[in-house]
1. On the basis of being free of Cβ contacts under 8 Å to residues at least 60 places away in the same chain, in the same structural domain as Val400 (by TED's automatic domain parsing) and either within 15 Å of the chain's Cα centre (by Cα) or surrounded by 20 or more Cβ atoms within 10 Å (Cβ to Cβ) (or both), does Thr360 make the cut?
2. In segment 247-297, how many are under 16 Å from Gly328 (Cα atoms) and not aromatic (Phe, Trp, Tyr)?
3. How many residues, within segment 330-352, are in contact with a helix residue (DSSP H, G or I) (Cβ under 8 Å, 6 or more places away or on another chain) and at negative phi?
4. Quick check on segment 309-320. Is at least one of its residues within 16 Å of Leu391 (Cβ to Cβ), buried (at least 23 other Cβ atoms within 10 Å of the Cβ), of a type in the set (Asp, Glu) and in contact with a Leu (Cβ under 9 Å, 6 or more places away or on another chain)?
5. Restricting the search to segment 202-216, which residues are assigned to a loop (DSSP other than H, G, I, E, B) and at pLDDT 95 or above?
6. Considering only residues that are within 28 Å of Asp21 (Cβ to Cβ) and either aliphatic (A, V, I, L, M) or touching a strand residue (DSSP E or B) at 6+ places or on another chain (Cβ under 7 Å) (or both), which ones fall in segment 153-171?
7. Conditions first: (1) over 21 Å from Leu183 (Cα atoms); (2) among the small types (Gly, Ala, Ser); (3) in contact with a Gly (Cβ under 7 Å, 6 or more places away or on another chain). Gly121 passes all but one, so which condition is the exception?
Amino acid sequence: MSVHSDAQTVIRAALAACRPDAAVHRALEGRDFPAGGVYLVSIGKAAWQMAACAAEVLGPKLRAGVVVTKYGHSMGPIPRCAVWEGGHPVPDTNSFRGTQAAMDLVRDLGPEDQVVFLVSGGGSALFESPLVPEAELAEITRALLAGGADIVEMNTVRKRLSAVKGGRFAQLCAPAKVFAVVLSDILGDPLDMIASGPACPDSSTCAQALAVAEKYRLPLSPHAAELLAQETPKSLSNVETAITGSVRELCAAAAKVCRELGYEPLVLTDRLCCEAREAGSFLASIARSHDGAERSLAFLAGGETVVHLTGDGLGGRNQELALAAAPGIAGMADTVLFSLGSDGTDGPTDAAGGLVDGGTLDRLTAAGLTVHDVLRRNDAYHALEAVGGLLRTGPTGTNVNDVAVVLLRR
């Protein structure tokens, strides 16, 4: 066994431990449903996986359903459900069509009906019925992403430009009851922010939304500015919610595997939220300070970093984090640092993240690349690809933020 094979073992086991199937099964198995029909709406990157499990548990109780997930994340048909794939992180026409199908499904339900609403990360883009033109919504979303807005800031704005976010979907379901099963992808599990809270009262205010718009100088039309000044639902009487899965579970699962492999693990944080390259440099400094350890160590950090775009390259936050760590661990033997998106995708790429070791910097230099220049161009994908440092898992069926792990094998 090598430190590289240990890293792959940690990745596989941690992702497997956080799949939503069992959690959805626990939430629905044995549950009593109203006398009317049961209807399923599942949204987000993990929507297909969650819906497939729910359809199996519900069986003939399920009358119809709509699943809206990211391109490439559907794994086939689900009984009695229409499956839609749409754009992420920027919603597109298929996102809107899938959302409209869900709205049509629940619009005329009665008080004896039940909506099983499955929510996972990515739902903010995938589940959308915009109150502004599609082109304007896309422009606003791109401006937030390019400015480095965090997920809470993005959702504070987007829910006010939507007919389904900020509790409005639950209002549309009324008088039917809504049972929401939520796979959290936001630090601290704030229900009103996960997928922009379609079935949760909104705790953010108009003043906060307008402050975000000013902070990032968003290109708002007069109508969009007017929508940001309109308040969202602050109470909902027809919703019951169960949270399942979070980055804490991801970190705990990864730490468990590290311990089984002979490492002494330490979870540094499950609320990492800073610039990706700064996180990479920090984790590398921790590795360097323990280079002389006599026992194998593992340091873990879960959360979601941000990237400020300064170039037109290709990459994602996990790839930037890993690449930024390469200089700090250069020359260290039996040392690996990787950062991984639990959904299997990192930015607009086919990679889940990146992995570097003590020899990565030399390999980059041999390829004519410098870390500073690559980060300036935001081109971590091509740099890591050139030195064999990309992590590819394919869509995982879950989405509980990211985890970065430093392994020192001694």
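1. Working: free of Cβ contacts under 8 Å to residues at least 60 places away in the same chain: yes; in the same structural domain as Val400 (by TED's automatic domain parsing): yes; either within 15 Å of the chain's Cα centre (by Cα) or surrounded by 20 or more Cβ atoms within 10 Å (Cβ to Cβ) (or both): yes.
Yes, satisfied.
2. Selection size over segment 247-297: 16.
3. 14
4. Yes - at least one qualifying residue is present in segment 309-320.
5. Taking segment 202-216 as the starting set, the residues that turn out to be assigned to a loop (DSSP other than H, G, I, E, B) are 202-205, 216.
Tyr216, the sole residue that qualifies.
6. Taking segment 153-171 and keeping what is within 28 Å of Asp21 (Cβ to Cβ), we get 155, 164-165, 167, 169-170.
Correct list: Val164, Ala170.
7. (1)
Results for (1) among the small types (Gly, Ala, Ser); (2) over 24 Å from Pro175 (Cα atoms); (3) free of Cβ contacts under 8 Å to residues at least 60 places away in the same chain; (4) in a helix (DSSP H, G or I), shown as yes or no for each residue.
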position	(1), (2), (3), (4)
Ile11	no, yes, no, yes
Trp48	no, yes, no, yes
Ala51	yes, no, no, yes
Gly65	yes, no, yes, no
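The values are calculated or read from the model by the stated rules, or taken from the named source; none is laboratory data. Note that the structure is a prediction, hence the values are computed from the model and not measured. Cβ atoms come from the backbone with ideal geometry, glycine included; neighbour counts cover every protein chain shown.
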